Amino acid sequence: MQRLTILILLCAAALASDFDPPVGMKFRSPDLKLGPKGAAILFGASKTQAAELEARREAFQKLGVDAQTLNGPGSGWFVLDAKGVIVAKYLDGPYTPAAILVHQFGWTPPNTTQVESRQLTATIGVSDSTAAPGERVALTIDVDLAPNMHVYAPGVEGYIPIDWKMEASSAAQAHAPVFPRAEKLYLKAIDETVPAFRNHFRLIRDVTIGAGSAGMLTLSGTLRYQACDDRVCYIPQTLHLNWTLDSRR
C-alpha cells in the first residue's frame, strides 16, 4: 500500500511538471494547432470560458493566432510562437480570452472612453463588457501625451511618478498595475537622466470579479501625474476614471 501511494504521488508530480514547462520550451501535443503567429491555449476551460473563447476566436485569428482549448491536469493559458515555443504563461487566475488579447497582443477593447487634460489624453477600456464572478479581466489606460511632454515613471527619485490607484470595492479585487518599460530620458534643463514616458504608452491593471457580484459594476480609480516639457514641470493633476461592466451569474 505504501509503495502504491508513493507511485501515485510521483505520477501526480510528473503530471504537474509536464503541465508547467518553462517559457522558452517547445510545447508538444498531438492536438496542437498553430496559426501563422502561434497559438493561445486554454487548459481546463469551463463551459463559460469555452463560450468566451469562441466569441473571441475571430480577434485571435486576425492576429494570426489559433485559439484553442486542450485538456490537461491544470488550468490556465499558454501562449506559443509560430514554432510552438512557449513565450508566456498565465496560470495565476481564470483570465478571460479578452484579457489575454490585451496582455499578450496589445488588443484594444471595442468600447473605450476618453478623458482629456491639458497635457494628455487618457483612453480607458475594459477587456470584457460582461464577466462572471471569479473571472480576471483587464482594465486599460492608453495615455497620449502632448508633443514635447513627458511624465515620470514609477521608481523615479525626487520627482512625482505617474500613479494609478483603484478605490476599494467588494465587487472586484484590483491587482497591481503593469507599467511598460520606461525610457531613460536625459533632461538638459536639470542635467539628469530619469525614467520617464513620452508620446503613447499603455497601462494595464487586472481585476478579479467578486464572488458575490451581480449586475452592472462601476469600478473607480484615479490617475495622478505631473507632466513636464523641456523647460518646466506643471502642477500635478489627478484624473478620476470609471470602468463599467456587467457581472453575470
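Would you list the strands (runs of 3 or more DSSP E) that sit entirely within segment 16-131 and hold 2 or more residues that are closer than 25 Å to Trp243 by Cβ and out of contact with any Cys (no Cβ under 7 Å at 6 or more places or on another chain)? Spell out the reasoning first.
Values: elements: 38-43, 65-70, 76-80, 86-90, 112-116, 120-126.
In segment 16-131, 38-43, 76-80, 86-90, 112-116, 120-126 are the strands (runs of 3 or more DSSP E) which contain 2 or more residues that are closer than 25 Å to Trp243 by Cβ and out of contact with any Cys (no Cβ under 7 Å at 6 or more places or on another chain).
Matching residues to (1) at negative phi; (2) surrounded by fewer than 17 Cβ atoms within 10 Å (Cβ to Cβ); (3) of a type in the set (Ser, Thr, Tyr):
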{"site": "Asn111", "(1), (2), (3)": "yes, yes, no"}
{"site": "Ile124", "(1), (2), (3)": "yes, no, no"}
{"site": "Ser129", "(1), (2), (3)": "yes, yes, yes"}
{"site": "Gly134", "(1), (2), (3)": "no, yes, no"}
{"site": "His150", "(1), (2), (3)": "yes, no, no"}
{"site": "Ala168", "(1), (2), (3)": "yes, yes, no"}
{"site": "Ala196", "(1), (2), (3)": "yes, no, no"}
{"site": "Asn199", "(1), (2), (3)": "no, yes, no"}
{"site": "Ile204", "(1), (2), (3)": "yes, no, no"}
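Cβ contacts < 6 Å: first residue closer than 30 Å to Asp230 by Cα, restricted to segment 104-120; second residue among the aliphatic types (A, V, I, L, M) and surrounded by 13 or more Cβ atoms within 10 Å (Cβ to Cβ), any location; separation 6+ or different chain. Result?
Cβ pairs passing all conditions: Thr113/Ile124; Val115/Ala122; Val115/Leu239; Gln119/Ala146; Gln119/Met149; Gln119/Ala227; Leu120/Val143; Leu120/Leu145.
Is there any pair linking a residue in segment 27-50 that is more than 17 Å from Gly134 (Cα to Cα) to one that is of a type in the set (Asp, Glu) and assigned to a loop (DSSP other than H, G, I, E, B), with Cβ under 7 Å and at least six apart or on different chains, and which?
Every condition considered, the pairs that remain are Gly38/Asp81.
So which of Ala211, Ala196, Ala168, Ala189 ends up being over 23 Å from Glu116 (Cβ atoms) and at pLDDT 90 or above?
Details: Ala211 fails: at pLDDT 90 or above; Ala196 fails: over 23 Å from Glu116 (Cβ atoms); Ala189 fails: at pLDDT 90 or above.
Checking each option against the conditions leaves just Ala168.
What are the pairs with Cβ atoms under 6 angstrom where one residue, in segment 136-160, is under 24 Å from Gln104 (Cα atoms) and the other, located anywhere, is part of a loop (DSSP other than H, G, I, E, B) and modelled with pLDDT under 95? Sequence gap at least six, or different chains.
Arg136/Gly93; Arg136/Pro94
How many residues does segment 179-214 hold that are among the hydrophobic types (A, V, I, L, M, F, W, C) and over 20 Å from Ile160 (Cβ atoms)?
Number satisfying all stated conditions: 5.
Got a sec? Which strands (runs of 3 or more DSSP E) wholly within segment 141-185 have at least 1 residues that are touching a helix residue (DSSP H, G or I) at 6+ places or on another chain (Cβ under 9 Å)? So that I can check it myself, show each step before the final result.
Working: elements: 150-152, 163-166, 172-178.
The strands (runs of 3 or more DSSP E) meeting that bar are 172-178.
Would you pick out the residues in segment 61-84 that are in contact with a helix residue (DSSP H, G or I) (Cβ under 7 Å, 6 or more places away or on another chain) and of a type in the set (Phe, Trp, Tyr)?
Across segment 61-84, the qualifying residue is only Trp77.
The values are calculated or read from the model by the stated rules, or taken from the named source; none is laboratory data. As the structure is a prediction and not an experimental result, all values here were calculated from the model. When we count neighbours, we look across all protein chains shown, and the Cβ atoms used for this are built from the backbone with ideal geometry, even at glycine.
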